Amino acid sequence: MAVIHSLISHLQDDAEVHNHRRLLVVSGSLDWCENQASTLTSLPDLVWIADHAPEGITPLPVSKTHQLLGRTFKSLVFNAWDGFNPNSFGQVCGTLAGGGLLVLICPDLNEWADYDDPEHKSLVAHPYATSDAGRRFISRITMLLEDDAYTVIYREREITSGVEIELPDSKPPALLEEEPILPNKTSDQQHAVELILSQFRRGRRPAVLTADRGRGKSVALGIAAAQLSGLDYEGIVVTAPDFNAAEEIFLMAHQLLPDYEYSKGLLRKGDHCIRFVEPEIALHESGEGQVLLVDEAAAIPVPVLTALLRKFPRIAFASTIHGYEGTGQGFSVRFKQVLETEAPNWKSVHLKQPIRWADNDPLEQLVFNLLLLNAEAVEGEVLISAFEQLRQKGQTPLVEKFNRDQLIEDYDILRQLFGLLVLAHYRTSPGDLRVLLDSPNLHIWLLKIDGLVAGAALIAEEGPLPTELVDAIWSGQRRPRGHLLPQTLVAQEGAKEAASLKCGRVMRIAIHPALQRNGLGSTLLAQITREADSLGWDYMGASFAASAELLKYWQHMDFETIRLGSTRDSVSGSHAALVITAQSEPAKRLQQQLRQRFIEQLNYRLSDDLTDLEPPVVCGLLQHAEYLPTLTAHDQSDLIAFCQHNRSYESCAYAIHKQILVFLNQVDDQALQVFLHNEDFVLLIERNLQQKSWATLELRGQGRKQLMRQLRSVVLLLLEHVEKD
């Protein structure tokens, strides 16, 4: 035991001197590790991450590490014998203060990859066993730990390495002294607050704060919220993917506003309040006269951020660039393009100064490498140049099914691939890296240009479902791991015949932003579809947050929508759409049956649980639907009577309904976009297809007579368009 005490003492002294954080890896057999763990209980300000802990210590399971967000500790023990969850590991590392020590307890590094990690259960779909999960992720972890110069590894029966290594001198961040109430405010935070206040004074000028973890952006938002409240901004709204991500804002604001009443997500004094709302709820706020502060913006879909930007004249966005909740490069690339278009007077500040530890912290860099938080896609200009050269030669990009064992051997490809996935999806997290490397039912296709990753698709193989479980799944009594598409079809659509089919579910498909709109996504997906038969897939499908643009893409690729969720996702603010394209004859029959059922039900649901569905999405779902009513001579007469002879709307409503469906079946994409920019057409969709009441429509400031004039005008326009075709 003297060895581990000496190591801990040495590392704690070194960490204190440099205000850095140090890592000690304790690696060996289970019994030996437990003996060593018993010596760690005296560490100061200790949090023990595991399912079990020595006597006298209350462990915190990895499933609850999010409870630590916003807090800091001097000592952490992470016991990987109880599972190595990448997201949880990133979370706890972010809570370790400068001068602190992290102890990682794990199996012998030479044997860790072969250990049946409890986390494997989250990687495998039924009927795979946890032993079927890959071992690539942990193999990579052990390699990086052994290669890291600043990581001290204490192995059973081996000589300790790395003890004598010292870190370069560094100084703690400079602190401002003007405001003693905030002794830890850095100059970066001061600049961030000044930027927000300056932008808000000038009207519609958004402010953007970016930072790596531990730079105090949430604290800066809290300072800004308090100061804005003091400047008579009565309504200050805070939003984030969940309240845990925003709690630090409220704690900081309450410190500055001690006379405000404080409860979870609410600070109030008289007419002044600072309150938390979820992104979907924020979309329904009035916007005018209110301030909106958005934290962890990278973890919120760009369409939601765009809608918030349009609604709130005074808005600030803060985002972690390298974070365990989801990385922020996608935010940086895609949303900043939106800002240039929607609010060109936006300004940003990047917080570089760590507030919890000094610069050049060795643990921060190691965690970036272990979890690929710093993964970046290929530079856009490099890909554009390579693509142009390829086209000049008359060649096309290479699409290949990729062997995942190569990802461990080819570090550049892994970084390019994961960096691309980060750009493509707002929720890409370290946990996805382990899925990417180790899920046994996952297939990867890459689209390469000159050897560089320009596109990728991750496909999960699902089905068939076990025959003995079908009835239990159909009745909602069982939910085996995985198999999202077949289980949804059986349990939600009642299609038991889907249980016996095998499918490929598109989990992610991504094309580098610099090369989008060149048909590369279609090229990639078409190649995968061609290979589906050889893989034994009866159909392919996908589930995604429905938008008019995405629906059009999948329709273009001959995927049909056969389900739309009844509720909106709390973060994306969208309904989940399910699309499929059949390969085998049984799947084709199933697709035809489900598609017809979906269209028939949709006509009813638009006036029930989908009354708030966006009109462009409504039209996208019904466009080229094929299953259409027939307009009779009587219907045609009713339409003319409505448009030209003041017949009441109610007496002609069903004929109008049929006319809209015929129009959507005939109209091309370009013409439909023109109609969707016509306010009268949008009104018609809302009143007729979604059956919104006259009272609801009149709230927009127009009387019944004006609404009727608009409806008569646009129905006549539809008639003329259909006759022309």
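The values are calculated or read from the model by the stated rules, or taken from the named source; none is laboratory data. As the structure is a computational prediction, the values presented were derived from the model and not from experiment. Note that each Cβ is placed from the backbone with ideal geometry, even for glycine, and that neighbours are counted across all protein chains shown.
In segment 244-259, the residues that are in contact (Cβ under 8 Å) with a residue 40 or more places away in the chain and closer than 14 Å to A318 by Cα reach residues that are among the polar types (S, T, N, Q) and part of a helix (DSSP H, G or I) with C-beta atoms within less than 6 angstrom, at least six apart or across chains, in these pairs: E248/S218; I249/S218.
On inspection, L489 passes the criterion of being in contact (Cβ under 8 Å) with a residue 40 or more places away in the chain, over 27 Å from G519 (Cα atoms), more than 22 Å from the chain's Cα centre (by Cα) and surrounded by 19 or more Cβ atoms within 10 Å (Cβ to Cβ). Entry remark, segment 639-672: residues being assigned to a helix (DSSP H, G or I), in contact with a Phe, Trp or Tyr (Cβ under 8 Å, 6 or more places away or on another chain) and among the β-branched types (V, I, T) number 1 in total. Could you check, for segment 448-464, whether at least one of its residues is in contact with a Cys (Cβ under 9 Å, 6 or more places away or on another chain) and buried (at least 21 other Cβ atoms within 10 Å of the Cβ)? So far as segment 448-464 goes, yes, one or more of its residues are in contact with a Cys (Cβ under 9 Å, 6 or more places away or on another chain) and buried (at least 21 other Cβ atoms within 10 Å of the Cβ).
Per-residue answers, yes or no, for (1) crowded, with 22+ Cβ neighbours inside 10 Å; (2) more than 30 Å from V378 (Cβ to Cβ):
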| position | (1), (2) |
| --- | --- |
| C503 | yes, yes |
| L520 | no, no |
| L525 | yes, no |
| T529 | no, no |
| A548 | no, no |
| T561 | yes, yes |
| T567 | no, yes |
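Among the residues of segment 210-228, those that are among the charged types (D, E, K, R) and surrounded by fewer than 24 Cβ atoms within 10 Å (Cβ to Cβ) comprise D212, R213.
The residues of segment 66-85 that are surrounded by fewer than 23 Cβ atoms within 10 Å (Cβ to Cβ) and either in a helix (DSSP H, G or I) or outside the structural domain of R140 (by TED's automatic domain parsing) (or both), listed by number, are H66, Q67, L68, W81, D82.
Taking segment 614-626 as the range and being buried (at least 16 other Cβ atoms within 10 Å of the Cβ) and either without any contact (Cβ under 8 Å) to a residue 24 or more places away in the chain or in a loop (DSSP other than H, G, I, E, B) (or both) as the test, the residues that pass are E614, Q623, A625.
Taking segment 392-432 as the range and being surrounded by fewer than 20 Cβ atoms within 10 Å (Cβ to Cβ), part of a loop (DSSP other than H, G, I, E, B) and either at pLDDT 90 or above or among the charged types (D, E, K, R) (or both) as the test, the residues that pass are K393, G394, Q395, T396, N403, R404, D410, R427. Tallying residues that are in a helix (DSSP H, G or I), more than 25 Å from the chain's Cα centre (by Cα) and of a type in the set (D, E, K, R) within segment 496-551 yields 5. Does any residue of segment 320-336 turn out to be under 13 Å from T210 (Cβ atoms), crowded, with 16+ Cβ neighbours inside 10 Å and without any contact (Cβ under 8 Å) to a residue 60 or more places away in the chain? Taking every residue of segment 320-336 in turn, at least one turns out to be under 13 Å from T210 (Cβ atoms), crowded, with 16+ Cβ neighbours inside 10 Å and without any contact (Cβ under 8 Å) to a residue 60 or more places away in the chain.
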